[in-house]
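Visitor: The structure under discussion is supplied below as structure tokens; questions concerning it will follow.
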């Protein structure tokens, strides 16, 4: 996925010519992050900026209810790492 993200980032920054369609939606979201985060470095980070970034990263997820907004679930937040089943 890292190579695909690099290609997509280069394309988003205008460093490559048009290529075929990209089917990895996660890579597309990851490649949009640097573009969104560098749009205006002079203004303070806002809640809207965070929501745009979250929307870019999670756009492909149809199972999430709160994309680009604050979390509203009563359950505590859990951060897991590792492969599914080997967190």
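The values are calculated or read from the model by the stated rules, or taken from the named source; none is laboratory data. These figures come from a predicted structure and were not determined experimentally. Methodologically, a virtual Cβ is constructed for each residue, glycine included, from the backbone with ideal geometry; neighbour enumeration extends over all protein chains shown.
Visitor: Could you count how many residues in the range 27-52 are closer than 19 Å to residue 6 by Cβ and assigned to a helix (DSSP H, G or I)?
Guide: Number satisfying all stated conditions: 11.
Visitor: Quick one: in the range 36-51, of everything that is closer than 19 Å to residue 11 by Cβ and surrounded by 13 or more Cβ atoms within 10 Å (Cβ to Cβ), which residue is modelled with the lowest pLDDT?
Guide: 37
Visitor: Look through the range 68-80, keep the residues that are within 17 Å of the chain's Cα centre (by Cα) and at pLDDT 85 or above, and return whichever of them is surrounded by the most Cβ atoms within 10 Å (Cβ to Cβ).
Guide: Here the residue is 68.
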